[in-house]
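Report on the structure given below.
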There are 2 protein chains.
Amino acid sequence: MAESWSFLDTSEPNFRPLVVIELAKGTKEETIKWFTKRIVDKKANGGAQLLVKPLVTENGDENIYLVGASHLRLLLGAETVGLVKECNDNSMRTFTYSSRKTCKDFADDNHSFLTMAECQYIIKHELENLRAKDEKMIPGYPQAKLYPGKSIVRRLLTSGILVQIFPLHDREELKKLRHSWYGRVKVGYQPLDEIRSYFGETIALYFGFLEYFTFALIPMAVIGIPYYVFAWEDYDKYVMFATFNLLWSTVILEVWKRICAIMTYRWGTLLMKRQFEEPRPGFHGVLGINPITGREEPVYSSVKRQMRIYLVSLPFVCLCLYFSLYVMMIYFDLERWALDYHEENESNFSSLMLFVPSIIYAVVIEIMNRIYRYAAEFLTSWENHRLESSYQNHLILKVLVFNFLNCFASLFYIAFVLVDMKLLRQSLATLLITSQILNQFVESLLPYWLQKRHKRRMKKRMWSLKTDTDLSLVEQVNLEKEMGTYFGTFDDYLELFLQFGYVSLFSCVYPLAAVFAVLNNITEIYSDALKMCRVYKRPFAEPTANIGVWQLAFETMSVISVVTNCILIGMSPQVNALFPDSKMDLILTVALVEHLLLAIKFIMAFVIPDKPKDIQIKLAKLEFESLEALKQQ
Amino acid sequence: MAESWSFLDTSEPNFRPLVVIELAKGTKEETIKWFTKRIVDKKANGGAQLLVKPLVTENGDENIYLVGASHLRLLLGAETVGLVKECNDNSMRTFTYSSRKTCKDFADDNHSFLTMAECQYIIKHELENLRAKDEKMIPGYPQAKLYPGKSIVRRLLTSGILVQIFPLHDREELKKLRHSWYGRVKVGYQPLDEIRSYFGETIALYFGFLEYFTFALIPMAVIGIPYYVFAWEDYDKYVMFATFNLLWSTVILEVWKRICAIMTYRWGTLLMKRQFEEPRPGFHGVLGINPITGREEPVYSSVKRQMRIYLVSLPFVCLCLYFSLYVMMIYFDLERWALDYHEENESNFSSLMLFVPSIIYAVVIEIMNRIYRYAAEFLTSWENHRLESSYQNHLILKVLVFNFLNCFASLFYIAFVLVDMKLLRQSLATLLITSQILNQFVESLLPYWLQKRHKRRMKKRMWSLKTDTDLSLVEQVNLEKEMGTYFGTFDDYLELFLQFGYVSLFSCVYPLAAVFAVLNNITEIYSDALKMCRVYKRPFAEPTANIGVWQLAFETMSVISVVTNCILIGMSPQVNALFPDSKMDLILTVALVEHLLLAIKFIMAFVIPDKPKDIQIKLAKLEFESLEALKQQ
């Protein structure tokens, strides 16, 4: 590979801008010079060997730069990041420049061999891996310290010199994608492969999961409808419904793993080797030696971090949980007040008033969730985790626990303390529907509308990824840099997770929940697609092989739902009537059934293989080949 | 490496016999010639490049061969099997011949760099990997078919030409080991590292687990003793004991993983790469193409196997379980009869008679377990699994389910159907103690005694690994080949597993169980050590990084024990007295506590890292280095 680098010509004629770098206004000349030199410099000199061009805007500012790369450079980069491509013999293999000819669709002049998302991911990777050599600071900014091996881009970002780096939209491609995704009214699957090649695997996997989950909810919804239509109140029917739900939710979560494996195998990410994880940008500490790499880098005592977690974060989370419960008690006071009012007045207005506390509470829950989210982000980042993955895990844990309690505590209270099934049903419906409406509004429609207004106010020509009017590159960049940033799939998964809770936790008292969830998810697909294509900057592609910690979160929820449903059924008067003499027998039976169901769940999860047979064989084949190759050495 | 093979001289003067090959008497000359030629032949000609010598016995038979190898050959073999050795910088690295100088204690003339167990493992690996080239059958035996790639040794074994292959004992080493292991009365740890270098990792890990488990039971035993001494019958004390037990059992299983990681890291097996698994010897099928390797090998339809499993094995297991329950009911009849007899007669004899049914039942359980074990082995081997690991998993599953039911069904019945805590305590004690005595007898003492008698009858001089009288190689081989074969750690782990069940499932009614378990395990260590050193042929070393499926089995048992203990406590009159009015509240409380305990268990299992911090760092360092090396390529 060393030879290939040498014949790389950095001054290629056909420059295709891929990534935009926005520097702070008034960045010093010497800094810009140094930074751009590092970007275009040869690999051997510690550069990234990319192409860079300033974007000259109308007012003559020179703080925006476009980064591109020659085709050859991108191919070499694809090897560095370890992309996996399909070969001529239909197997997936890690791409190497020397074996490029064996890849399907490879030709020296086929510039679409790498998708634009892949090219942008490669450039991002190369930029982030630009590392300080002997510089002690960023030239021109003595306070922005560097040490050998520190990522330059990360230091530029944390010291505010670099405002943002983002990939450019490809307006042609985006138009095509929008058309096949949500442009026409049709019944069918989403174009996941196209989404993946435009937005990368993480986002495509989210949409894949959303779609799969919606389809998986349809049987529950279909079975749930007659309960509403015929007003079935027989508990034996509810029992059947709940049992079906519990087993079904296990099956769908297991089958998802298989479908996920099929998709990510096709996309190559299932085979991608894990890269060594560098410290996250915000991580700080005293300069020390990393015991793993032996390199100089900031070190932060793990004891201090534990202290922050257990002495500050944990009490704070507990306080928030307490506050959430306090708000819940206020809600019950309101509820009681509304009931009293209704009983006193008995008017249409008063019966409408019965729903008001629930709606207010649902709105308050949403607001609290969002405020808590910021607090959790702040705290977790203050905990100073070294790795992005550990930061994410701590953040997700904090947010999940709070959201779970905040959303479901009142339902648990109604179900198991007040034992009021009617109120439970009403509360569940109000919470579910209000939160769905709020979410769709806050997440997609509001930003969309804000952006439209913003554009109009800017008195620009209508931003027309939609209309076909041609837009200059300058205009495109200027528009895109003002667009919001998509912060990843966290909120989207969280929403689905809470929805799954509403559907499964109390499914035996409110079978209609699945119907609402399906309806919501169908519009969710469209509004999320709209959000990705129209509201936000294009995000960098992020290769991934699964939905990560969310799989565990959904599985935990499905275990909890076994418990709640069994208790609910056991508490029903119909089931109680079956055991007129001995409450003890009743509860023992319920407990036995619960444990049996849990055992069946675990056995099913164990028995259903996580990967389909053919993927298993393909993976085993690759492993065998690499073992053989090792032997040949 | 290719060069190194060429200067390997197969006719080395100092031949050290390592492995014994026993052929059937009257094996044809041409077969022997062909087989020994393949063993000594050069690698390039498809041989194993080992040394082989016939053992000329007194009666002139030539059916026993000794296999050895030159030091250089063994080092090359160590690279092939992927041994991991400690380097001069104290890190563990995969051994390669070219980097041999970086290894600790390596010197060209240091023949103890590889332990004898490792040398024997290498020879076994090389022999098993002798593969047929263009031979269609074993010369001289047309019915013993071969095809390209078939392991010659496995075919020789399955067609009965090869009687056995076993490694020789090293009498000097064994004497030392015996001395430091059980030769002197001392309080202290077992010499696990010495056991490992003599018997290999699997066996050392078993003894490590046995020792660890015994130590871990001591706190339970210590807390359990006052219950017996002061005849405590307060249920609050029992509750405390049970709660302690439940949490403790989770902790010990999690901590074991860490200790296991420390040991196997030191031994190098934690880092050993998984080898590609070849079909097991007994596997048969029509010749076809393996989709993974692309090689010709027997193929057996997975549908047929599933049919055998679900249509034959499963019904058979169910039948056995039914039979076991039937026997249990007979036991209860006997029990009732003994009770009636005692009530009628009220004599010392009759009160002794009360224990007889339990003892008989315990003996019957042991017999049934052993018979079932053979049936399970037969069935699982008839299921024709392709891989040894899948065979083992199916066998373990079959045996565990049956043994669990067979041993514990009567206790469950007494506890939850008869609700007779006194009988439960008595039954538990009888079953536990009887099975422990029986096991020690059948496993070690009986074979030891049989062998002694056998030797005396052979009128040989006393087999004296013990006494220092010198024994010729011929005599040693002749003695060792008649010794029993150790079939692996399965039965030993199973015994511990059932013991763990007796200790934990009903710990809150019989705190003394842990005391008996500790006492048993202390003698078990000695009798198992005796068994390994005196009764059985030396087994081949088997590298392993953990106790495999047994970890899961123990964890499952500890989950089940949470459930049983909670129910037992809930059923106690003392706890019942706390809820005089509402049985419902009682059971709900119990269920709540149970779920809380289970949740705590899972959280603890999740929070306690499986590997200690320093091992994690060492592993991460190795991974980082290999990633860096990949980048350099």
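Observations on the structure shown:
- Residues of chain A were split at every exposed loop site, defined as GluC sites (Glu not before Pro) in a DSSP loop with at most 16 other C-beta atoms within 10 angstrom, and the longest piece left, sites excluded, is A:347-633.
- Candidate residues A:Arg131, A:Arg336: accessible-area rank, largest first, probe 1.4 Å: A:Arg336, A:Arg131
- Principal semi-axes of the equivalent ellipsoid, √(5λ) from the alpha carbon gyration tensor of the range B:536-633, are 47, 21, 9 Å from largest down.
- Distances between equivalent label points of A:Trp232 across the copies, with each point positioned 7 Å along Cα→Cβ, amount to 5.2 nm, shortest listed first.
- In the protein assembly as shown, inverting the average of 1/r over every pair of distinct C-alpha atoms gives 35.9 Å as the Kirkwood radius.
- Computed over chain A, the alpha-carbon pair-distance distribution with 20 angstrom bins reads 16, 46, 30, 8, 0, each value a whole percent.
- Note: relative contact order over chain A, using C-alpha pairs below 8 Å and six or more positions apart, is 18 percent.
- Heavy atoms of A:Thr556 accessible to a 1.4 Å probe, total area in Å² rounded to 10: 70 Å²
- Counting heavy atoms of the protein chains alone, B:Trp449 has an accessible area of about 140 Å² for a 1.4 Å probe.
- Take each residue in B:618-625, count the other chain C-beta atoms within 10 Å of its C-beta, and the mean is 4.
- Ordering A:Arg456, B:Arg16, A:Arg93 by accessible surface, largest first, gives A:Arg456, B:Arg16, A:Arg93; the 1.4 Å probe counts only protein heavy atoms, with every chain in place.
- For the range B:19-168, convex hull volume per residue from C-alpha positions, Å³: 111 Å³
- Note on B:Gln143/A:Leu627: beta-carbon distance plugged into 1/(1 + (r/R0)^6) with R0 of 30 Å gives a FRET efficiency of 0.35.
- Here the range A:241-295 and the range A:98-137 have alpha carbon centers that stand 23 Å from each other.
- Only Lys, Arg, Asp and Glu carry charge here, each on its Cβ (+1 for the first two, -1 for the last two); on that basis the protein assembly as shown has a dipole of about 3300 debye about its Cα centre.
- Solvent-accessible surface (1.4 angstrom probe) belonging to B:Cys103, in square angstrom, nearest 10: 10 Å²
- Accessible surface buried upon A-B contact (total; probe 1.4 Å; Å², nearest 100): 2400 Å²
- Projecting the alpha carbon convex hull of the range A:242-399 along each direction and taking the average yields 15.4 nm².
- Accessible-area loss of 40 Å² or more (1.4 Å probe, protein heavy atoms, chain alone versus all protein chains) is found in the range A:253-288 for A:Arg274, A:Phe276.
- Between this copy and the others, label points of B:Phe490 are 5.0 nm apart in ascending order, each placed 7 angstrom from Cα in the Cβ direction.
- Taking the square roots of 5 times each eigenvalue of the Cα gyration tensor of the range B:531-585, largest first, gives ellipsoid semi-axes of 48, 14, 5 Å.
- Cα-centre dipole for chain A with unit charges at Cβ (Lys and Arg positive, Asp and Glu negative), debye to 20: 1880 debye
- Once the 1.4 Å probe is applied to the protein heavy atoms, the range B:19-168 comes out at 41 Å² accessible per residue.
- Mean residue ellipticity (222 nm) of chain B, computed from DSSP H runs ≥ 4 via -39,500 (n - 2.57), nearest 500: -19500 deg cm²/dmol
- Options A:Leu157, A:Ser91, A:Leu50, ranked by Cα towards positive dipole end of the range A:19-168, top entry (Cβ charges): A:Leu157
- Label point 7 Å beyond Cα along the C-beta direction, distances from A:Val417 to other copies (nm, shortest first): 4.2
- Relative packing of peptides B:259-268, B:222-231 - highest average C-beta neighbours within 10 Å first: B:259-268, B:222-231
- Estimated distance in nm for a label pair at A:Phe441 and A:Asn88, the labels positioned 7 Å out from Cα along Cα-to-Cβ: 6.0 nm
- The residue in chain A that lies nearest, by its beta carbon, to the axis linking chain A with chain B is given here with the distance in whole angstrom as A:Ile587, 2.
- Portion, in percent, of the accessible area of the protein assembly as shown that falls on carbon or sulfur, probe 1.4 Å: 64 percent
- Quick note on the range B:147-298: its Rg to Rh ratio, both from C-alpha atoms and Rh being the Kirkwood radius, is 1.16.
- Dipole magnitude of the range A:19-168 about its Cα centre (Cβ charges: Lys, Arg +1; Asp, Glu -1), debye to nearest 20: 620 debye
- Averaging 1/r across all pairs of distinct Cα atoms in the range B:320-446 and inverting the result yields a Kirkwood radius of 16.1 Å.
- Normalising by residue count, the range A:475-585 has a Cα convex hull of 114 Å³ per residue.
- Buried on complex formation within the range B:563-611 (loss of at least 30 square angstrom of accessible surface versus the isolated chain, 1.4 Å probe, ligands and nucleic acids ignored): B:Lys583, B:Met584, B:Ile587, B:His595.
The values are calculated or read from the model by the stated rules, or taken from the named source; none is laboratory data. Predicted model, so just to flag it, every value in this text is computed and none were measured. Quick reminder, even Gly has a Cβ in these numbers, built from the backbone with ideal geometry, and neighbours come from all protein chains shown. For the accessible areas, the whole protein counts, side chains as well, though only heavy atoms, and no ligand, DNA or RNA atoms are used. Shrake-Rupley method; radii C 1.70, N 1.55, O 1.52, S 1.80 Å.
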